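Right, one structure below, let's go through it.
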Amino acid sequence: MLESVTNVINQIDGMVWGWWMIILLLGTHIFMTIRTGFIQRKIGTGIRLSVLKDPDAEGEVSQFGALTTALASTIGTGNIIGVGTAIAIGGPGAVLWCWLTGVFGIATKYSESLIAVKYRVKTRDGRMQGGAMYALERGLNMKWLGLIFAFFGAFASFGIGCATQVNAIATVCKENLGIAPALIGIAVAVLTALVIFGGIKAIANVCEKLVPFMAVFYVLGCIVILGINFNFIIPAIQTICKLAFTPGAAAGGLVGRGIMMAMQYGIARGLFSNESGMGSAPIAAAAAQTRNPVRQALVSSTGTFWDTVVVCLMTGLVLVTSIMKNPSIDMGAISDGGILTTLAFSQIPVLGPVILVVGIISFAYSTVLGWAYYGERCVEYFAGKKGLIPYRVVYIVIAAIAPVVSLNLVWTIADILNALMAIPNLVAVLLLSNVIVKETKKYINNLDAKDDTEIPVIDK
């Protein structure tokens, strides 16, 4: 019976994450890139704004706090293991398609964050609420679709945001530190409870400190490894670019499986990693103190830049150069991204395993915190404030038991829910594209201008 259910769920997963979803997401990325006048050119401005404060504007947390909360959920195990999976199955050319997805995805992240801020509301106790559900309700009069988004988002948080991440932490701690998974589950549950019961401000405070540390530590570690593999960097880049379009073999047993496989796995892993188009990060963007929607949208768009254009690219180069340098890594016998990543990093004495362990633990734990906030906002949308305590309790219980249960089915279900989240969100982005263009033209050359539109107060 269980096997039959698993097969059905796997088939559904294959359907929702088939070519139509990839075309829908990548198509939206390209469409919004054109509609916003290639907003990627403003990425430097977004980075500059991300470290500035806008205390006179309405909001709960700083622009940087909102950005790091969003980055906490997007910079996760997908940046390490997900890239390994793309290379193992799609070949090294998948790295190029993953990177291109990030470049174009900046426009979608900008767009979804802009409408999240524009259509946000606040509760009577001063908490900001926003995201695809409010853009659909207030911008398109489609509350029914907003409820669907919130429902899928809440349940996705239990899997992709909590169970799978805690399981990854427990696995790496058991294999490298010899700590029992059950103890890891309890420890993560306690640490998570201490943070999420403090709301967005507590989550943002932790993320402001954790995210920059973990990202800088990981990227610097990758740079050191690339220094060790220096002679293989240019050949690796050439191999990645060549095998992104043609099948063939390269040094180190690397095999290009053709443009279709490279595209499918590179784009899918890129989309999964940066979450552009899924509607998750805008929920955090809506809480930011910002003078106008464009200002925060630019800040939020840098999340995709850091996540995919920088971190995923660094991982891809580390893996490909390490494989080319170490012929003992048998690519023909590896189809698991986690195994490939572990083998590649373990080729670097002392430093490699440390980077991998610290990277996975910090990336995964930050994702647990970021998704807890997303789930809360989704629950509050369809169940009201009374749903928050039960949600937090369930979230913490799942964190505690995740390391000792089989997660293959949970991961697949969460994958499906993530795709189903993206559809309502993309409807909002595409149907409100005229609003996005209008707001962009209004503020892009006057980012200090204040939007004096009154934020509606709701009873929740």
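When region 278-323 is filtered for residues that are of a type in the set (D, E, K, R) and surrounded by 24 or more Cβ atoms within 10 Å (Cβ to Cβ), the ones remaining, listed by number, are 295, 307.
Could we say that residue 368 is in contact with a helix residue (DSSP H, G or I) (Cβ under 8 Å, 6 or more places away or on another chain), under 18 Å from residue 114 (Cα atoms) and modelled with pLDDT of 90 or more here? For residue 368, the condition - in contact with a helix residue (DSSP H, G or I) (Cβ under 8 Å, 6 or more places away or on another chain), under 18 Å from residue 114 (Cα atoms) and modelled with pLDDT of 90 or more - is not met. Of all the numbered requirements in (1) surrounded by 13 or more Cβ atoms within 10 Å (Cβ to Cβ); (2) without any contact (Cβ under 8 Å) to a residue 24 or more places away in the chain, residue 70 misses one, and that requirement is (2).
The combined condition, being open to solvent by 10 Å² or more (accessible area, probe 1.4 Å), modelled with pLDDT of 85 or more and farther than 16 Å from residue 284 by Cβ, is not fulfilled by residue 9.
For region 165-178, state whether one or more residues are over 16 Å from residue 131 (Cβ atoms) and not in a helix (DSSP H, G or I). Break it down stepwise before answering.
The initial filter retains those residues of region 165-178 that are over 16 Å from residue 131 (Cβ atoms), namely 165-178.
Now narrow it down to the ones that are not in a helix (DSSP H, G or I): 178.
So far as region 165-178 goes, yes, one or more of its residues are over 16 Å from residue 131 (Cβ atoms) and not in a helix (DSSP H, G or I).
Taking the numbered list (1) open to solvent by less than 10 Å² (accessible area, probe 1.4 Å); (2) in contact with a Phe, Trp or Tyr (Cβ under 9 Å, 6 or more places away or on another chain); (3) not in a helix (DSSP H, G or I) in turn, residue 82 passes all entries but (3).
State all residues of region 105-125 that are over 11 Å from residue 285 (Cα atoms) and either buried (at least 24 other Cβ atoms within 10 Å of the Cβ) or modelled with pLDDT of 95 or more (or both); if no residue qualifies, say none.
Going through region 105-125, the residues over 11 Å from residue 285 (Cα atoms) turn out to be 105-108, 111, 119, 121-125.
Scanning region 105-125 gives 105, 106, 107, 108, 111, 119.
Screening residue 387 against (1) part of a helix (DSSP H, G or I); (2) at pLDDT below 90 leaves a single unmet condition, (2). Residue count for region 27-48 under the criterion of being within 14 Å of residue 295 (Cβ to Cβ) and buried (at least 20 other Cβ atoms within 10 Å of the Cβ): the result is 3.
The values are calculated or read from the model by the stated rules, or taken from the named source; none is laboratory data. As the structure is a computational prediction, the values presented were derived from the model and not from experiment. Using ideal geometry, Cβ is built from the backbone for each residue, glycine included, and neighbour counts are taken over all protein chains shown. Just the protein is used for accessible areas: all its heavy atoms, side chains included, with ligands, DNA and RNA removed. Shrake-Rupley method; radii C 1.70, N 1.55, O 1.52, S 1.80 Å.
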